[in-house]
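These notes are about the structure you will find just below.
The values are calculated or read from the model by the stated rules, or taken from the named source; none is laboratory data. What you see is a predicted model; the values in this text were computed from it and never measured. Methodologically, a virtual Cβ is constructed for each residue, glycine included, from the backbone with ideal geometry; neighbour enumeration extends over all protein chains shown. Each accessible area value is taken on the protein alone, full model and side chains, heavy atoms only, with ligands, DNA and RNA left out. Shrake-Rupley method; radii C 1.70, N 1.55, O 1.52, S 1.80 Å.
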Amino acid sequence: MRKLIGSIIRADNAFNLIEDNDRICIGVSGGKDSMLLLEALSLYKQILKKTKNINIEIVGIHLKISLCAIKYEDMVNYWKNKGIEFYLVDTHMGDILRENMKKGKIQCSLCSKMKKAILIDEAKKHKCNKVSMGHHADDAIETFFMNMINEGRIATFKPKMYLDRSDITFIRPLILAREKHIRRLANKLQIPVIPCGCPMEGFTQRDSMKMFLQKYFYDNEKWKISYKNFLIALCNYKECDLWFLDKSKGRVNELNFKDNKSNLKNKLF
């Protein structure tokens, strides 16, 4: 746990994620990442109070997607025994996702948008000013590659993001933690993990990207350094050197980003 808390401290110091009097809602999917995040933040809460006299409160919230029958007793009892505030929330997401299936498949993007919207609403009900997600460094790198391949843009999600419409700040305290360390620790602590119940689990584009990066980079002796450099690239603003960037004006000069993808492709090819 010390290593994980260390990564949270580094992320907090780098991106100013947590501030005095924050009340943070942790979106707990039931997987290893979010479950471990809730436990780690409960310990970090004590560290902040002791070392910096910073007071925060944390609340765990799990949204029932209701795509299949899931037993929640172990998860609920785990947090109850830990004395951590935790809530199960009923939703109609399962019905909506089934009604909007495409080619017999659940729409991951729709599911993600609904979960985000409902979680924000629940966070506000519980007087929270921040929502914390369990995304880690591997997720950030995978998103980085997926955006380049699928959308033609170099981007990933941010460690901290303020949503002005809802007056909620999203934070990702595990942004500098490696997935393999999270998995190892979750197994060691015997944290009760529950299935998400989604029929697409294990068959998404993210799953494919995860396997690709693991096979051809992380497990490849020739490219062992790739993981570290991928992560550095996301933070290395001094070495951002892309085509058509007018550094003096901070914008594109020859090609207009307002062009849609098809027009941009025609101009290039």
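The table for this structure:
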| quantity | calculated |
| --- | --- |
| Antiparallel DSSP beta bridges within the chain, as percent of all bridges there, nearest 5 | 30 percent |
| Gain on full stretching of the segment that runs from LYS222 to GLN205 - 0.36 nm per residue minus C-alpha separation | 3.6 nm |
| Nearest-10 value in Å² for the accessible area of PHE212, using the 1.4 Å probe | 90 Å² |
| Equivalent ellipsoid semi-axes - Cα gyration tensor, the chain, angstrom | 32, 24, 20 |
| Whole-number accessible area per residue in Å² for region 49-116, which is evaluated in the context of all protein chains at 1.4 Å | 66 Å² |
| Normalised alpha carbon radius of gyration of region 122-172 [divisor 2.2 N^0.38 Å] | 1.36 |
| Three-way shape label, region 1-123, alpha-carbon gyration tensor, a/c 1.5 | prolate |
| Förster radius 22 Å - calculated FRET efficiency between VAL89 and SER166 (Cβ-Cβ, nearest 0.05) | 0.85 |
| Region 154-196: equivalent-ellipsoid semi-axes (sqrt of 5 x gyration tensor eigenvalues, Cα, Å) | 28, 14, 9 |
| Net lengthening on full extension, LEU242/LYS127 (0.36 nm per residue, minus Cα-Cα) | 37.1 nm |
| The chain - percent of accessible surface contributed by carbon and sulfur, probe 1.4 Å | 53 percent |
| Alpha carbon centroid spacing (whole Å) that separates region 71-148 from region 13-48 | 15 Å |
| For a label point 7 Å along the Cα-to-beta-carbon line of ALA233, residues of region 138-163 with backbone N under 16 Å | 138-157 |
| Solvent-accessible ranking of ARG184, ARG165, ARG98, largest area first, probe 1.4 Å | ARG165, ARG184, ARG98 |
